[in-house]
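Trainee: This structure is in structure tokens; I'll ask about it shortly.
The values are calculated or read from the model by the stated rules, or taken from the named source; none is laboratory data. Since the structure is predicted, the reported quantities are computational estimates derived from the model, not experimental observations. Cβ: placed from backbone, ideal geometry, glycine included. Neighbour counts: every protein chain shown. For accessibility, only protein heavy atoms count, side chains too; no ligands or nucleic acids. Shrake-Rupley method; radii C 1.70, N 1.55, O 1.52, S 1.80 Å.
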Amino acid sequence: MIETYSGIRESRPNRYNDLGSTGDAAEEDFRTGCLKKADRSFAQGLQCQQINSMAALMSLEDSVFIAHAPQGCVGCTSMAVDQYRVGQAHRGVKHSKNPRIIVSNLDQNNVIFGGESKLRKAVEEAVKRYQPKLIFVLASCASGIIGDDIDAIVKDIQESTQALVIPIHCEGFKSKICASGFDAAFISINKYILKQEKIKKQEGLINLFAPVSISYADQVEMERMLSLLDLKVNYIPFYSSLEKIKEIPSAQASTSICKVFADEFMKALYEDYDIPYSHTVMPIGVRNTDIWFRGIASVVGKEKEAEEIIQREHERILPLVESIKNRLKGKRVFICGGTGRSFAAAALIDDFGMELVGLETPTYDEDAQADIEYLNTIHPNFVIDIANMQPFEQVNLVKKLKPDVFIGVPEWAAKLGIPTTHVLDMKRPTMGYDGLLFLGNKIADQLENPGFNIKLSQHIKLPYKDSWYEEDAFKYIIGGN
């Protein structure tokens, strides 16, 4: 009997979101079963599930997003909005537009008396203003706590509108692992759009799942690589449409650019629609790109063709990688990013002969363990911080470790005067063989031209006392021993 996935990542065994350790110790503790659930006695905020659910779908054509929430809950959509607008420009859209986001604006009275009337009004306003094909109703902590039945409301509203109204249960308090927000969005897509209906398969069609933080250049590179195997890409859900979503069950196979973006959804597609999938690594760097490419090739039975393509690509790029290595060899690196991206970037620096001194990522699980086992053979005793947005820990570690360069989400490290390169950048290439060359040169350029970050550090003071930098960065992680 197949167990239905709840959409809460903690419901799967061996997933941890609070840990301060070293690579060697984390690998050993996980392998022996000694890694235990921990918590923080102080936290500086967490990334919410709702924003991940919204960002995953935000660029879908003819869509409206209704956050059944207080107004502040959508404040962090500004980054996803920026990504959406940049993505349009890179795709040749001359007059870019914002995503359509409506907030029901729950207040204190609604917390006491309920906010269902506001939700109904928000849906009516969405239909009146935009006549969309899709309306996504996203739950929040507030609407979940007060018990507003968004499923019943949506079912009632659906009878009076031609738009497809879809509830998404992404209440933030359900999970500390923010990738659960992706799962909530895909569960609703499967339930309300795909509906387990079987359609005719399209030979050579591949579902390629990509999050909002993938650049258009990366999309082009992934499509180029798969086209070398004579495969056609259904690129979803970013810059996709209702029609392309409905094509998902017709695919021959599925794969994802991000390791934690659609992994649970691909399992559901295999169970419900007999679509095999490849779940390997994020294609950043030579090693990871090879693994990712071989993974999808093996699913579609094109292993021989893949090896020939990899050999040609290596002949083309490895001499160029060697020239970048001459600029970067021996440089010490701290990395911060999503679970798949952090570990992929850590493998990337091996191409350039760099040294990993610290790694921050939101989740530790079986996939992370496989990556850690590889990294520990090359980078002994690097610090690992499993943290969902805890910048106070990050700046403490960066200040102590004094890396030559910081790769990842750069704001805090940049204010310390350290050369930084963004690895979550939806504006520039990072993926595949061509992305490797761009990213390597970008890191080298930052190291050779650190003036902006140095000047930034001279004029901006981080909001921490000097005494904090002398403390143990992990002093607020409790339990887990």
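Trainee: What does the convex hull of the alpha-carbon atoms of the stretch 49-175 project to on average, in nm²?
Mentor: For the stretch 49-175, the mean projected area of the Cα convex hull comes to 7.6 nm².
Trainee: Leaving out ligands, DNA and RNA but keeping every protein chain, what accessible area does K325 have, in Å² rounded to the nearest 10, with a 1.4 Å probe?
Mentor: Rounded to the nearest 10, the figure is 50 Å².
Trainee: Here are some pairs, K176/K427; K304/K442; K402/K475; which of them have Cα atoms lying more than 22 Å apart in this structure?
Mentor: K176/K427; K304/K442
Trainee: Compute, for the chain, the length of the dipole vector about the Cα centre, with Cβ point charges of +1 (Lys, Arg) and -1 (Asp, Glu) only. Units Debye, rounded to 20.
Mentor: Its charge dipole is roughly 1280 debye.
Trainee: Is the shape of the stretch 319-479 best called rounded, prolate or oblate, per the rule: a/c under 1.5 gives rounded, else a/b larger than b/c gives prolate, else oblate, with a ≥ b ≥ c the square roots of the Cα gyration tensor eigenvalues?
Mentor: Taking the square roots of the gyration eigenvalues as a ≥ b ≥ c, the stretch 319-479 is oblate.
Trainee: Please list the radius of gyration and Dmax for the chain, considering alpha-carbon atoms only, with Å as the unit.
Mentor: In Å, with Rg to one decimal and Dmax whole: 22.5, 67.
Trainee: Between V281 and residues 5 or more places away or on another chain, which pairs have amide H atoms under 5 Å apart, with H built 1.01 Å from N, and which residues are they?
Mentor: Answer set, sorted by chain and number: W292.
Trainee: What order do you get for 357-369, 227-239 when each peptide is scored by the mean count of other beta carbon atoms within 10 Å, highest first?
Mentor: 357-369, 227-239
Trainee: May I ask you to evaluate 6.51 cos²θ - 1.76 cosθ + 1.60, the Karplus curve with θ = phi - 60°, for each residue of the stretch 331-339 and list the ³J(HN,Hα) values in order in whole Hz, giving x for glycine and proline?
Mentor: 6, 8, 10, 10, 10, 9, x, x, 4
Trainee: Further question on the same structure: Considering only Cα-Cα distances, which of the following residue pairs are longer than 19 Å: K198/K267; K133/K191; K329/K400; K36/K267; K97/K259?
Mentor: The pairs that break the limit, which is 19 Å between Cα atoms, are K329/K400; K36/K267; K97/K259.
Trainee: Given a 1.4 angstrom probe, I'd like the percentage of the accessible area of the chain that is carbon and sulfur, rounded to a whole number.
Mentor: Summing carbon and sulfur atoms, their accessible area is 51 percent of the total for the chain.
Trainee: Collect residues whose amide H, placed 1.01 Å from N in the peptide plane, falls under 5 Å from the amide H of E360; neighbours closer than 5 in sequence don't count.
Mentor: I335, C336, G337, D385
Trainee: Amide H to amide H, which residues 5 or more places from S59 or on other chains are under 5 Å from it, using H placed in the peptide plane?
Mentor: Y239
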